[in-house]
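Visitor: Quick one: the structure is below, questions incoming.
The values are calculated or read from the model by the stated rules, or taken from the named source; none is laboratory data. Here the structure is a predicted model, which is why all the values come from computation and not from measurement. All Cβ positions, glycine included, derive from the backbone under ideal geometry; neighbour counts span all protein chains shown.
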């Protein structure tokens, strides 16, 4: 489920070459998710890592993620 969401969002990513020759990538509809690297492949990898970290942080904080549904089994949340 997470992989599907990540792949969907990465297909929306836009890349450009900066004046210094580095690549910059971002996913426009997710504020703060961007990457910067010396080549396109590294930029793509970094953007994926940033997106995955962003998702995990949202889950940890209990925040909603547009287009992503998390189902919890409340029995697992109870400590014995």
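Visitor: Could you check residue 59 against (1) modelled with pLDDT of 95 or more; (2) in contact with a strand residue (DSSP E or B) (Cβ under 9 Å, 6 or more places away or on another chain); (3) assigned to a helix (DSSP H, G or I) and say which number it fails?
Guide: (1)
Visitor: Give the residues of region 16-43 that are surrounded by fewer than 17 Cβ atoms within 10 Å (Cβ to Cβ) and under 23 Å from residue 65 (Cα atoms), sorted by residue number.
Guide: Within region 16-43, 28, 29, 31, 32 meet the criteria.
Visitor: Also, I was wondering about something else. Which members of region 1-43 meet the condition of being part of a loop (DSSP other than H, G, I, E, B) and touching a helix residue (DSSP H, G or I) at 6+ places or on another chain (Cβ under 9 Å)?
Guide: Correct list: 13, 22, 27, 29, 30, 32, 33.
Visitor: Quick one: is residue 51 touching a helix residue (DSSP H, G or I) at 6+ places or on another chain (Cβ under 8 Å) and modelled with pLDDT of 95 or more?
Guide: Considered against the rule, which asks whether it is touching a helix residue (DSSP H, G or I) at 6+ places or on another chain (Cβ under 8 Å) and modelled with pLDDT of 95 or more, residue 51 comes out as yes.
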